[in-house]
1. Taking 0.36 nm per residue of separation and subtracting the Cα-Cα distance, what length does fully extending residue C:259 through residue C:62 add?
2. Would any residue of the stretch D:73-117 have its amide N under 17 Å from a label point 7 Å out along Cα→Cβ of residue A:25? List them or say none.
3. Return one number: the angle in degrees, 0 to 90 and rounded to the nearest 10, between the long axis of the Cα atoms of helix A:27-52 and the longest principal axis of the Cα atoms of chain A.
4. With springs only between Cα atoms under 10 Å, which of C:29, C:142, C:281 fluctuates most in a Gaussian network model of chain C?
5. State, as an integer percentage, the relative contact order of the stretch A:2-97 based on alpha-carbon contacts under 8 Å between residues 6 or more apart.
6. Can you tell me, using C-alpha contacts under 8 Å and at least 6 residues apart, the relative contact order of chain E as a whole percent?
7. Can you sort C:75, C:206 from fewest to most other Cβ atoms within 10 Å of each residue's own Cβ?
8. Roughly how far apart, in whole Å, are the Cα centres of the stretch E:70-115 and the stretch A:49-87?
């Protein structure tokens, strides 16, 4: 029962995150969508570990890895935004497409 | 025991905030005025609360509430007697770390929401210094967790039965004081509310909002001092007297030390402080951790 | 009921005072506010009493009105000519306010800087994403940066003449990018002050206050010795260099040693460009008021 | 009882997650996302994962602070003084989000879920530590190196002074002969119609 | 569980106290336009203060996020440090070395300055 609730919540978070990642024009808002999807993934991992895997340590490790992915995504994502803004004075996803050099 | 601990936390928070305000005034002016904190609070409560042109009213109003709540949660992690903390979590140290991180968020919100230049600059300055200041404090707390073999503060206190961490890890308390000064917006780390910004994040605060913000700062000082007392001075451990009394005495000592450091140390420019933190104090905390690790084995 | 009780409690506190200092009264005001029986406020939002020291010359009158209106109610202002028992008079005003005395009304008309109510798509006064005057003011626009080439928003404002971190009377017209001064010009020079304002302890006190050592500053003004540590080390080397080869740190060292400093101050506009705001305030406070006034007048004449 | 708390927290996480794309102020959006993470962290604490739960709160408080700083730095109208909506392919996105939710929810509801809860006396934090230093040592070390690479990458991308001059001035390859014309393609001519280079000052 | 209850109670109490402090004191006259002007020592601004704020320590924060993540691995490591003995010490040595490389690199590139 608990696991079902948690997984439904995770599905909703991933759905909203996907909507955000696809619909937002601004690159930084798009990253918020990605983070929200990872949030859903984190919720699902924690739920599975707690209710379905009898506390296998690998489950916790996976949760930490999800967090590490978020950190990497954020650090590199924002560094890219800075680099693009410096050349284009814009933060739109469109303008990243034109960054060819 | 179940009803005593919440009461102890509340009492410590209230009496500690009073004592902190009183100490602050004593060290600043050399005068002993026991009623002054209440009087200043009353004077502020009677005044109008001014709003700016297009503020983020909700966050402006609630920032002191978050700050107070963080202080209360931080204090609840600290054991008041051996084995008895209100939040007896196996990861008490991480809970305290979260309170530190959220304080940065709270102070930032407090400076952001009035939509005014000086608070805004103060908020960003605080973010620039408040984030890296957390690193030494985290290394210090991890070093304290090594001999305890646990992240629970109850275990950290128990591990100090033979010798206080102040003796075993002498670099720890000075490094931890940095974060105390930052969390309570004091002295050399008060980048949020500096004089060159006419009061920084509180430059636009008046009346009840200002009173609450000051109260929350004092409450956070209590929480920080109790935490430092538990991690470095053995918290409630001590002969003859009951545990909470020992904790209060040690907390008051750390509080006086923090207030004095806040009044007597000059604040440098934020850019230089940033460099100093990463290049000077962070390697020092590495060294501290390495020594603590070698000793714990 | 509760209010009467609170008022009685509050009546014994030192009155919170924000000072608007006019010509000639800087040293007297500094000494007055160094007393523990008055509470010096960094911002009018904290204060109940506006202390107007001296006669404010006309171009600054509107600025004084703005500061007056920024005080929260109940508020009162006190005109001081430097004589008499100002402390007692301020105390009486404060107790009067707490006892339910009338609060001074606004001096300026209740009009927003631009009319905005009801305009725009949502009635917020703006249009589109960045346009219009939402809530009465336009939004900041991007401009070039001096240091790292990220052209983010510029914030242009006139700061002063009663800004507590600047010399009284000085109005800076500054553009900030983040907290960095991108352009600065003196809109109005600081007020003329007597020679006493250049005294070593008064000058050192101003710098110490900006370094977070307000207690030490008051102690110096009352004739005591500072106890704080690290004031010299806290000032970056080479900040605000003068023509004689000294810098802010050297001048503070001289002042703390009790020596007068006689330097030529460079044009404040040039001095501040490229400095972070904290450094900028330190740079201005590191020159004696008379030198700063001469420099601003020279810049105006040129 | 616990299920009721979990339901409440899940609803809070979803609601704050939804608010992220509905508020005008970038600061509010970032901290809304932070609250969504906090709800997930609280669920972790409830489901006997205290370290993961509290660490999520800790980590996300920091990350969302940084997120807020960058959002304000690079978004037009960061405080939402003019209400706005900057979306494209809106219908498609709603469809994709709803489809993803439906598919995942169906998978969760229809599949046979395992039922093996964590034993209550398990020392989960110590377990994680032994796992890190034992069987999963390689993952741990890889993560360390990956994060170092992230640090270096982030610094290279975000700082202005690259090894070959200012980042906003375009790279200029060395000449074929000393002091001669730069070799290869000229970067300044290849930017195309979208090129609005305001760089080069400072 | 205790943790969540304390957090919930603290937050609710904080908010309640705020509402009480704002509602309980003397009823204030509504703010006027001259009163709402942001404080600039008598000066006036051209624009709203909310802006694309040039945060001068931005590259430091990116380094910081990665750094913070490494700390997440260190907490569980601290718990088993004594039990694992020398292996854990060596592990920590490597970890600190990796972090130090990151810091040294950042320092060399001037990340820890006001950009």
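1. Working: separation 197, 0.36 × 197 = 70.92 nm, distance 3.80 nm.
Between residue C:259 and residue C:62, full extension yields 67.1 nm more.
2. D:74-94
3. It is inclined by approximately 10 degrees.
4. Result for chain C, Cα springs under 10 Å: C:142 fluctuates most.
5. 28
6. Across chain E, relative contact order equals 31 percent.
7. Numbers: C:75 22, C:206 26.
Ranking C:75, C:206 by Cβ neighbours within 10 Å, fewest first, gives C:75, C:206.
8. Rounded to whole Å, the Cα centres lie 18 Å apart.
FYI, it's all coordinate maths here, none of it is from the lab. The shown structure was predicted, so the numbers you read here are calculated from the model rather than taken from an experiment. Because the Cβ atoms are built from the backbone with ideal geometry, glycine has one as well, and the counts that use them run over all protein chains shown.
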